[in-house]
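Let me begin by presenting the structure, written as structure tokens, before commenting on it.
The values are calculated or read from the model by the stated rules, or taken from the named source; none is laboratory data. All of these numbers come straight from a predicted model, not from anything done at the bench. Because the Cβ atoms are built from the backbone with ideal geometry, glycine has one as well, and the counts that use them run over all protein chains shown. Note: accessible area is taken over every heavy atom of the protein model, side chains too, but ligands, DNA and RNA are not part of it. Shrake-Rupley method; radii C 1.70, N 1.55, O 1.52, S 1.80 Å.
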Amino acid sequence: KERKNNKNVSLFFLGHIFICLNGIYYSMQTKMQIAIDGPASAGKSTVAKLVAKKLNYIYCDTGAMYRATTWKALQMGVSLDDDQALGKMLETMELSFKPNEPEQLVFVDGTDVTTAIRLPEITNNVSLVSAQPSVRKNLTERQQQIASEGGIVMDGRDIGTTVLPNAQVKIFLVASVHERALRRFKENQAKGIDTPLAKLEAEIKARDYKDSHREVSPLIKADDAILLDTTSLDIAQATDEIMKIVKNTEK
Ligand code: DC
């Protein structure tokens, strides 16, 4: 009986599960974890959302989780570098996403913070909060929980290295500082915000530096991540490149 049972094994490999029943192998596709990391304004969230839509997967914007934590700390008057106090605050903080067009809604303790977390006050303070070890620990656990069933496209800075080290697809998305600042400049202009291009370049460089030099989970390409430079690619081309990588992984 034992030998017979031993024959019925399951093997997980990339996006497939191979089930052997009485000597016959069956292959079934499982839902993958797709990690997209990279520096600020490289286009991660735009392409991650499109890839998720094409695959009918869930999209998770982990940057929004660090932004939401920063929002709550500012509301509560918690010092942004007080690791212990931030950790305590997170123990009871409810954080949820709700699907919506054109962007997902983000809620903190039932309050819609979708717009508030994109304001400059948050953008300029989020690197400090996201460098605190207890913040990273708490949010990493939440992200792992969200991704546990697969069928997820998650974007951030440390997804391929720390949050989902076994993700079947890992992409590291980059673009030149000038190109990223230019994209932000055009987005701002469309919203009626007038920030000089040189200032945007300086802000992007500063955020790159902080994100790559923090002690816990710095922004770094995972060894097994595929580098994709989008400097001369538009959104559709970058999305197509990632879809090709996903299809190759499924084979
Ligand atoms: O992607 P974004 O600009 O919304 O991210 C906001 C900040 O959150 C960014 O400066 C770095 C931090 N972050 C992080 O440390 N780890 C992640 N997985 C995602 C974002």
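Compactness check for the stretch 207-251: Cα Rg over 2.2 N^0.38 Å is 1.49. Largest GNM mean-square fluctuation among I36, I122, I24, using the chain with Cα springs under 10 Å: I24. Placing unit charges on the Cβ atoms only, positive for Lys and Arg and negative for Asp and Glu, gives the chain a dipole magnitude near 820 debye about its Cα centre.
For the listed residue pairs K88/K170; K210/K251; K98/K137, the alpha carbons are over 30 angstrom apart in K88/K170; K210/K251. Residues whose amide H comes within less than 5 Å of that of C60, counting only those at least five positions distant or on another chain, are V153, M154, D155 (H built at 1.01 Å from N in the peptide plane). The solvent-accessible area of F185, taken with every protein chain present and a 1.4 Å probe, is close to 50 Å². Which whole-number value in Å³ per residue fits the convex hull of the alpha carbons of the stretch 73-191? Spread over its residues, the Cα hull of the stretch 73-191 gives 141 Å³ apiece. Secondary structure note: in the stretch 85-231, about 60% of the DSSP beta bridges are antiparallel.
Computed from phi, the 3J(HN,Hα) profile of the stretch 206-212 under the Karplus parametrisation 6.51, -1.76, 1.60 (θ = phi - 60°) reads 5, 5, 4, 4, 4, 5, 8 Hz, with x in place of Gly and Pro. Toward the positive end of the charge dipole of the chain, with +1 on the Cβ of Lys and Arg and -1 on the Cβ of Asp and Glu, the farthest Cα among V113, A236, V126 is that of A236. Among A181, A236, A131, the largest mean-square fluctuation in a Gaussian network model of the chain, built with springs joining Cα atoms closer than 10 Å, belongs to A236. With a Förster radius of 25 Å applied to the beta-carbon distance between D240 and A190, the computed FRET efficiency rounds to 0.55. Which percent of the accessible area of the stretch 83-180 is formed by carbon and sulfur heavy atoms (probe 1.4 angstrom)? Ligands and nucleic acids excluded, carbon and sulfur reach 51 percent. Less than 5 angstrom separates the built amide H of A42 from none of the residues sequence-distant by 5 or more or on a different chain. Close amide-amide hydrogen proximity is noted between I226 and K170, I171, F172, each under 5 Å apart and 5 or more residues distant or on a separate chain (H modeled in the peptide plane; Pro and chain starts excluded). Taking Cα atoms only, the orientation of helix 62-76 departs from the longest principal axis of the chain by about 40 degrees.
Using Stokes-Einstein with the Kirkwood hydrodynamic radius over Cα pairs, what translational diffusion coefficient do you get for the chain at 20 °C and a viscosity of 1.002 mPa s, in µm²/s rounded to a whole number?
Translational diffusion coefficient: 110 µm²/s.
Helical runs (DSSP H, four residues minimum) scored at -39500 (n - 2.57) apiece and divided by the length of the chain put the mean residue ellipticity at 222 nm at -14000 deg cm²/dmol. Tell me, what is the per residue accessible area of the chain in Å², probe radius 1.4 Å? I get 55 Å² per residue for the chain. For the pair the stretch 36-69 and the stretch 173-251, the centres of their Cα atoms are 11 angstrom apart.
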